[in-house]
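Asker: One structure is given below, represented as structure tokens, and several questions about it will come after.
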Amino acid sequence: MIAQSVADTAALLGDVTRARMLLALIDHIELRASDLARHAGISAQTTSFHLAKLCEAHILTVAKRGRNRVYSLSGPHVAAALEALLCVIPNAERPARDLKSIELARTCYDHIAGRVGVLLADALVREGWLETGERDFRVTPAGEAGFRTFGIDVPALRRRRRQLARRCLDWTERRYHLAGSLGAALCDALFTRKWIVPLRSTRVVHVTPDGYRGLRKTFRVEL
């Protein structure tokens, strides 16, 4: 039954130890079991128990990196679900940790998020490239032409099975950034131009000097 499956998943995520592990994996692309044990403040044996539960439920996946086994979120659907939960937490109850860098710019699985992502989405609407729908952004004819000059083929993205331009609620800004296949393509383009670069193995990205100039000139984004 769907109701029972929802209840089981909620119970799995409701454990505070597993919640600490998942919060760590929102910040990082992948982590070793020992790293997750440190974030959760538990022993290696207890960590193995919780990781097995999360992998069995397909919330996490595990892969080999040399001699190490590393864990990551199993897909964008898991990242979206966790960020949705963070969005409903009152500000006073948000995790007590340094969020400055991750608030400015990060990847939300495969698209740009944080203040940069929200301001970029706002600019695309303001410049007439996107229109705001109830759940999605709509690409305008001007936007299709504009994205083409940026190296993004919107008609080709439309032919994919993935949603084109989803409105994704940003858990630090509490406003929407651009997700979907267009959001991923835009993020890839920013990486290709080296306007943003990844920070170590985390989801945090650094906006380069070229990025500040390019975002200002192309999209009129002021950071």
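The values are calculated or read from the model by the stated rules, or taken from the named source; none is laboratory data. Just so it is clear, the structure is predicted and the values come from calculations on it, not from any experiment. Cβ: placed from backbone, ideal geometry, glycine included. Neighbour counts: every protein chain shown. Remember, those area values only see protein heavy atoms, side chains included, never the ligands or the DNA or RNA. Shrake-Rupley method; radii C 1.70, N 1.55, O 1.52, S 1.80 Å.
Asker: Could you please let me know if A121 is open to solvent by less than 50 Å² (accessible area, probe 1.4 Å) and among the hydrophobic types (A, V, I, L, M, F, W, C)? Step through it out loud before you land on a result.
Answerer: Details: open to solvent by less than 50 Å² (accessible area, probe 1.4 Å): yes; among the hydrophobic types (A, V, I, L, M, F, W, C): yes.
Taking the combined requirement at face value, the residue satisfies it.
Asker: Could you identify the single residue in A81, A11, A3, A92 that is modelled with pLDDT of 85 or more and in a helix (DSSP H, G or I)?
Answerer: Numbers: A81 fails: modelled with pLDDT of 85 or more; A3 fails: modelled with pLDDT of 85 or more; A92 fails: modelled with pLDDT of 85 or more.
Residue meeting the stated conditions: A11.
Asker: Something else about it: Hey, any hits in segment 29-50 for a residue that's touching a residue at least 40 places away in the same chain (Cβ under 8 Å), assigned to a helix (DSSP H, G or I) and either β-branched (V, I, T) or surrounded by 10 or more Cβ atoms within 10 Å (Cβ to Cβ) (or both)?
Answerer: We begin by selecting, within segment 29-50, every residue touching a residue at least 40 places away in the same chain (Cβ under 8 Å); these are 29-31.
Okay, now just the ones that are also assigned to a helix (DSSP H, G or I), so none.
For segment 29-50, residues touching a residue at least 40 places away in the same chain (Cβ under 8 Å), assigned to a helix (DSSP H, G or I) and either β-branched (V, I, T) or surrounded by 10 or more Cβ atoms within 10 Å (Cβ to Cβ) (or both): absent.
Asker: Name every residue in segment 140-193 that is under 26 Å from L104 (Cα atoms), among the small types (G, A, S), open to solvent by 50 Å² or more (accessible area, probe 1.4 Å) and outside any loop (DSSP other than H, G, I, E, B), in order of residue number.
Answerer: Of everything in segment 140-193, nothing turns out to be under 26 Å from L104 (Cα atoms), among the small types (G, A, S), open to solvent by 50 Å² or more (accessible area, probe 1.4 Å) and outside any loop (DSSP other than H, G, I, E, B).
Asker: Quick one: what pairs do we get from segment 1-25, first residue on the phi < 0 side of the Ramachandran plot, second open to solvent by less than 90 Å² (accessible area, probe 1.4 Å) and acidic (D, E), C-beta under 8 Å, 6+ apart or different chains?
Answerer: A24/D35
Asker: Residues being part of a loop (DSSP other than H, G, I, E, B) and either at positive phi or not aromatic (F, W, Y) (or both): count how many of those fall in segment 122-139.
Answerer: Going residue by residue through segment 122-139, those that are part of a loop (DSSP other than H, G, I, E, B) are 127-129, 133-135.
Going one step further and asking which of them are either at positive phi or not aromatic (F, W, Y) (or both), we end up with 127-128, 133-135.
Number satisfying all stated conditions: 5.
Asker: Scan segment 202-217 for residues that are modelled with pLDDT of 90 or more and either surrounded by fewer than 16 Cβ atoms within 10 Å (Cβ to Cβ) or not in a helix (DSSP H, G or I) (or both) and jot them down.
Answerer: As a first pass, look at segment 202-217 and keep what is modelled with pLDDT of 90 or more: 205-217.
Selection gives V205, H206, V207, T208, P209, D210, Y212, R213, R216, K217.
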